[in-house]
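The values are calculated or read from the model by the stated rules, or taken from the named source; none is laboratory data. Everything numeric here is computed off the predicted structure, so don't read it as measured data. All Cβ positions, even for glycine, are placed from backbone atoms using ideal geometry, and neighbour counts span all protein chains on display. When the accessible area is computed, the model is the full protein with side chains, heavy atoms only, and any ligands, DNA or RNA have been set aside. Shrake-Rupley method; radii C 1.70, N 1.55, O 1.52, S 1.80 Å.
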Amino acid sequence: MSPSQTFTGFFKNKLALACCLSALGTFSLSASAAAPEAGTFKMGIEPWLGYGQWHVAQSQGIFKQQGLEKVDIINFAEDKDINAALASGQIDGANIATHTAMAMVSAGLPIKVVLLLDQSETADALLVGKDITTLKDLKGKQIAFEEGTTSDILLHSAVNAAGLKWSDITPVPMPADSAGSALIAKRVTAAVTYEPYISAAKKQDPSLKMLYSGSSDPGLIGDVLVVRDSVLKEKPGQIAALIKSWDAALTHYQANTTADRAIIAKAVGATPADLETAFDGVKYYSLAENKQVLSHSFSGQTFAHVLKAATAAGLIPKPVTAEQVIDASFVNSLP
C-alpha cells in the first residue's frame, strides 16, 4: 500500500471517532487576557529532541508557574499512534511534524497549529554505509524509513535532489527506531531516521555517515504544536499558558543548557553523552521568533514549500491553505 493510501485510509477510519468539524476560520481570541481554565491539558508527545522544552517545563515547575493546573504529557512511540489519539479526542493537543498537521486538516480533522516548536537541521538524516558516496548511488537500493513521517518527506526530498524517481529505489517501511538497526544489520543499504536514533546508530557503527539531512533542504523538517478546535474555543487560557510555558522553558534552557539537556536526554531515552552533537542539529523557536514568522514567512514561503513536498510524497489527501491550518492569534496576542 502506498503512503497516500495508508495515510488516507487511516483518517477515513479514525475520523468517525472525531468530534464534529468546527468552522475553519481563524479564531479571534484575546489569549493574553485569559486566565488558564481549570482541569488537565492532555498533550501527546514522542521521543524527539525538538519537543524537549516541554520536559524542561515539567521538570522545572513552569506549567504551575504559568497557572496551569496540570499538563499530562503522554508518550507515544510512533506517529500513527499519536495521530489516532488526536483524531479520537483522547488528547487535547499534540506535537507533530508540520506536514502531518497539514495532512490532518486536509483529511478533515479539526485542529490548528498554534506554535512553531523547532526546525531540524541535522537531527533528521539519511544514513548510509561506506559503500554509498552520493545520492545517485541509492538507485536500486533498499532504504528503511517510517511512512507518513518526517523521514518520508526527507527521503522524497533526497530522491528528488538526486534526480531519481521514487520507483528507482526500494522503499522498506518500518518504525524510525528500527531503521538504524536495519542498516547496521545490513538488511537495508540506507536508512532515514531522527535523533536520538541517529546518534544511537552511529555509536553502534561509527562507519555510518550522514548523506542527506534537514539542512540539505532548509525549512522542510519542522514541528508544531496543534490543538483541537474544540479545545481552542473552550480553553483559550490554557493554550496561552502553554505557549508562555514553552517560552519560559526555552529561556531556562538557554541559561542552563547542560542541566536541561540532561533532562531532555533522559526523557527521550538517551544520555547527554549520546546526544552531545545531536542538540546542535535542532533549532528551537521562541515566542518572539514565532511572532516574527508564524503568520508571515512561515505561513507564506515555508508552508508552501512543505505542502508541495508532502503532496509529492502522496501524504496530503486534498489541497489545504495556511488559513485552514494555522491560528497565530495566540502567539500574536501574547506580550
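Determine which member of the set Ser151, Ser157 is closer than 24 Å to Asp205 by Cα and either in contact (Cβ under 8 Å) with a residue 60 or more places away in the chain or open to solvent by less than 10 Å² (accessible area, probe 1.4 Å) (or both). Lay out the reasoning, then the answer.
Values: Ser157 fails: closer than 24 Å to Asp205 by Cα.
Only one candidate qualifies: Ser151.
Determine whether segment 101-120 contains at least one residue that is without any contact (Cβ under 8 Å) to a residue 60 or more places away in the chain, part of a loop (DSSP other than H, G, I, E, B) and closer than 12 Å to Val227 by Cα.
Taking segment 101-120 and keeping what is without any contact (Cβ under 8 Å) to a residue 60 or more places away in the chain, we get none.
Within segment 101-120, none of the residues are without any contact (Cβ under 8 Å) to a residue 60 or more places away in the chain, part of a loop (DSSP other than H, G, I, E, B) and closer than 12 Å to Val227 by Cα.
Any residue at all in segment 294-307 that is farther than 26 Å from Gly148 by Cβ, out of contact with any Asp or Glu (no Cβ under 8 Å at 6 or more places or on another chain) and surrounded by 14 or more Cβ atoms within 10 Å (Cβ to Cβ)?
Checked segment 294-307: at least one residue is farther than 26 Å from Gly148 by Cβ, out of contact with any Asp or Glu (no Cβ under 8 Å at 6 or more places or on another chain) and surrounded by 14 or more Cβ atoms within 10 Å (Cβ to Cβ).
Over 21 Å from Asn95 (Cα atoms) and open to solvent by 10 Å² or more (accessible area, probe 1.4 Å) - does that describe any residue in segment 189-197? Spell out how you get there, then give the answer.
Just the residues of segment 189-197 that are over 21 Å from Asn95 (Cα atoms), to begin with: 189-191.
So of that shortlist, the ones also open to solvent by 10 Å² or more (accessible area, probe 1.4 Å) come out as 189.
Within segment 189-197, one or more residues are over 21 Å from Asn95 (Cα atoms) and open to solvent by 10 Å² or more (accessible area, probe 1.4 Å).
Does Gly67 satisfy the criteria of being under 13 Å from Ala241 (Cβ atoms) and touching a Lys or Arg at 6+ places or on another chain (Cβ under 8 Å)?
Details: under 13 Å from Ala241 (Cβ atoms): yes; touching a Lys or Arg at 6+ places or on another chain (Cβ under 8 Å): no.
Against the criterion (under 13 Å from Ala241 (Cβ atoms) and touching a Lys or Arg at 6+ places or on another chain (Cβ under 8 Å)), Gly67 does not qualify.
So in segment 269-293, with the set limited to residues that are in a loop (DSSP other than H, G, I, E, B) and modelled with pLDDT of 95 or more, which one is surrounded by the most Cβ atoms within 10 Å (Cβ to Cβ)? Break it down into steps so the answer makes sense when it comes.
Keep residues of segment 269-293 that are in a loop (DSSP other than H, G, I, E, B), which gives 269-277, 285-286.
Then keep just the ones that are modelled with pLDDT of 95 or more; that gives 285-286.
Details: Tyr285: 25, Ser286: 15.
Residue satisfying both the conditions and the ranking: Tyr285.
How do the strands (runs of 3 or more DSSP E) wholly within segment 35-99 filter down when requiring 3 or more residues that are open to solvent by 20 Å² or more (accessible area, probe 1.4 Å) and in contact (Cβ under 8 Å) with a residue 24 or more places away in the chain: which remain?
Working: elements: 40-45, 70-75, 93-97.
In segment 35-99, 70-75 are the strands (runs of 3 or more DSSP E) which contain 3 or more residues that are open to solvent by 20 Å² or more (accessible area, probe 1.4 Å) and in contact (Cβ under 8 Å) with a residue 24 or more places away in the chain.
For the subset of segment 242-268 comprising residues that are of a type in the set (Gly, Ala, Ser) and crowded, with 19+ Cβ neighbours inside 10 Å, which member is farthest from Ala97 (Cα to Cα)? Give the derivation first.
The initial filter retains those residues of segment 242-268 that are of a type in the set (Gly, Ala, Ser), namely 245, 248-249, 255, 259, 262, 265, 267.
Still in the running and crowded, with 19+ Cβ neighbours inside 10 Å: 245, 248-249, 265, 267.
Numbers: Ser245: 20, Ala248: 22, Ala249: 20, Ala265: 20, Ala267: 19 Å.
This residue is Ala248.
Restricting to segment 199-208, name every residue that is of a type outside the set (Gly, Ala, Ser) and either touching a Gly at 6+ places or on another chain (Cβ under 7 Å) or surrounded by fewer than 19 Cβ atoms within 10 Å (Cβ to Cβ) (or both).
Within segment 199-208, the subset of a type outside the set (Gly, Ala, Ser) is 202-206, 208.
Across segment 199-208, the qualifying residues are Lys203, Gln204, Asp205, Pro206, Leu208.
For segment 209-241, give me each residue that is open to solvent by 10 Å² or more (accessible area, probe 1.4 Å), in a loop (DSSP other than H, G, I, E, B) and in contact with a helix residue (DSSP H, G or I) (Cβ under 6 Å, 6 or more places away or on another chain).
Answer for segment 209-241, where residues must be open to solvent by 10 Å² or more (accessible area, probe 1.4 Å), in a loop (DSSP other than H, G, I, E, B) and in contact with a helix residue (DSSP H, G or I) (Cβ under 6 Å, 6 or more places away or on another chain): Asp217, Gly219.
Do any residues in segment 308-330 that are within 25 Å of Ala241 (Cβ to Cβ) and among the hydroxyl-bearing types (Ser, Thr, Tyr) have Cβ atoms under 7 Å from those of residues that are open to solvent by less than 10 Å² (accessible area, probe 1.4 Å) and modelled with pLDDT under 90, where the two are at least six apart or on different chains, and which pairs are they?
Ser329/Ala31
Could you say which residue among Asp131, Asp168, Asp137 is acidic (Asp, Glu), without any contact (Cβ under 8 Å) to a residue 12 or more places away in the chain and open to solvent by 10 Å² or more (accessible area, probe 1.4 Å)? Give the steps one after another, and end with the answer.
Values: Asp131 fails: without any contact (Cβ under 8 Å) to a residue 12 or more places away in the chain; Asp168 fails: without any contact (Cβ under 8 Å) to a residue 12 or more places away in the chain.
None of the others qualify; the one that does is Asp137.
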